[in-house]
Amino acid sequence: MLKPDTHYQMSAVPDIEMTLTGTAAAGGVPLYGCDCPACLRAVRNPAYRRRATSAKVKTKSETLCIDCGLMNLAEHYPPGSLDAILLTHFHVDHVQGLFELRWGKGQKIPVYCPNDPAGCADLLKHSGILDFRPIQPFEPLLLKSCTVTPLLLMHSRPCHGYLIERRGYRIAYLTDTVGLPDETLLWLTQHTPDMMILDCSHPPSENKPRNHNDLSIATEIHQQLGIKHTILTHISHDMDNWLIAGGQLAEGIELGHDGMTL
């Protein structure tokens, strides 16, 4: 299990850094009112707390935000520092921070997202400084310094994962999903990522989960794609408890934590 102060530096990465700004399943860790070992540990030691799953991607010339469930987005992205937002989908725990950010001043911020006209509440109708731009799966998007390809995921709302490529180095960010569609599996086998950030809300289960990977599914995806380094995110207190009780991860798979920098 990763320690909360872990910082990974990958020498092969060409001028690109990703920080996991949140790694929690909906509800977070500690979960309100829960006195399980994982939640009590997070109360005692803030390093083990988990907030809404999200990430920051930085190069020398560009800063991207993946998902916006954090309510303090301005602390992570001072005015003028954010080049674009990549939304996986419009569930509240992935967009709630935008409800305040949208009323800011300054230039419009591009928000690339699935084509989901329902959006979330009135975000699309009253978007303020947010410039929502629906994009289609498997159609690469060339940004300032990265190529971003949205990938189809399996969720209860239209949902994208993203493959971020910089000078031949590829990072796959795949949350929220339960398994992967055949089209996405095929695409990833043809464009194998160097690193994968993967949804894993649940410990191993006899029954297939409904909306998010359990560890059995996440491990199968990792092994199918032959990826050397997979980091788990969208983690519940149940998953933390399973590891506290002695559960083990397969080789090449690590548990993400808030603030982890790659």
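Read-outs: derived from the displayed coordinates by stated rules, not from any lab. The model shown is predicted, which means the values in this text are computed figures rather than measured ones. Ideal geometry is used to build each Cβ from the backbone, glycine not excepted, and the neighbour counts take in all protein chains shown.
Odds and ends about this structure:
- Taking 7 Å steps out from each Cα toward its Cβ at Ser81 and Ser156 produces label points 3.4 nm apart.
- For the stretch 17-261, the dipole from Cβ point charges (+1 on Lys and Arg, -1 on Asp and Glu) about the Cα centre works out to 700 debye, to the nearest 20.
- Built amide H within the under 5 Å cut-off of Thr63, gap 5+: Asp83, Ala84
- Projecting the Cα atoms of Ala121, Ser216, Leu174 onto the dipole axis of the chain, where Lys and Arg carry +1 and Asp and Glu carry -1 at the beta carbon, places Ala121 farthest toward the positive end.
- Other residues whose C-beta falls under 9 angstrom from the C-beta of Cys146 contribute a net charge of 0, scoring Lys and Arg +1 and Asp and Glu -1.
- Nonlocal Lys pairs with alpha-carbon distance under 30 Å, the stretch 17-261 (8 or more apart, or different chains): 21
- Anisotropy class of the stretch 174-240 from Cα gyration tensor, a/c 1.5 cut: prolate
- Neighbours of Met196 by Cβ distance under 10 Å: Lys/Arg scored +1, Asp/Glu scored -1, total +1.
- Charged neighbours of Leu64, selected by a Cβ distance under 12 Å, balance to 0 (K, R count +1; D, E count -1).
- Gyration tensor verdict on the stretch 17-261 (Cα atoms; rounded if a/c is under 1.5, prolate if a/b is larger than b/c, oblate otherwise): oblate
- Rounded to whole Hz, the Karplus (6.51, -1.76, 1.60) HN-Hα couplings of the stretch 115-123, x for glycine and proline: 7, 10, x, 5, x, 9, 6, 10, 4
- When the chain is described by a simple charge dipole with +1 on each Lys and Arg Cβ and -1 on each Asp and Glu Cβ, the residue from Met18, Ala52, Ala74 located farthest towards its positive end is Ala74.
- Summed over qualifying helices (DSSP H, 4 residues or more, each -39500 (n - 2.57)) and divided by its residue number, the chain shows a 222 nm mean residue ellipticity of -4500 deg cm²/dmol.
- Rounded to whole numbers, the Karplus 3J(HN,Hα) couplings from phi for the stretch 27-38 are x, x, 9, x, 7, 3, x, 9, 10, 6, x, 5 Hz, using 6.51 cos²θ - 1.76 cosθ + 1.60 with θ = phi - 60°, and x at Gly and Pro.
- Ratio Rg/Rh, restricted to the stretch 69-192 and using Cα atoms, in which Rh is the Kirkwood radius: 0.97
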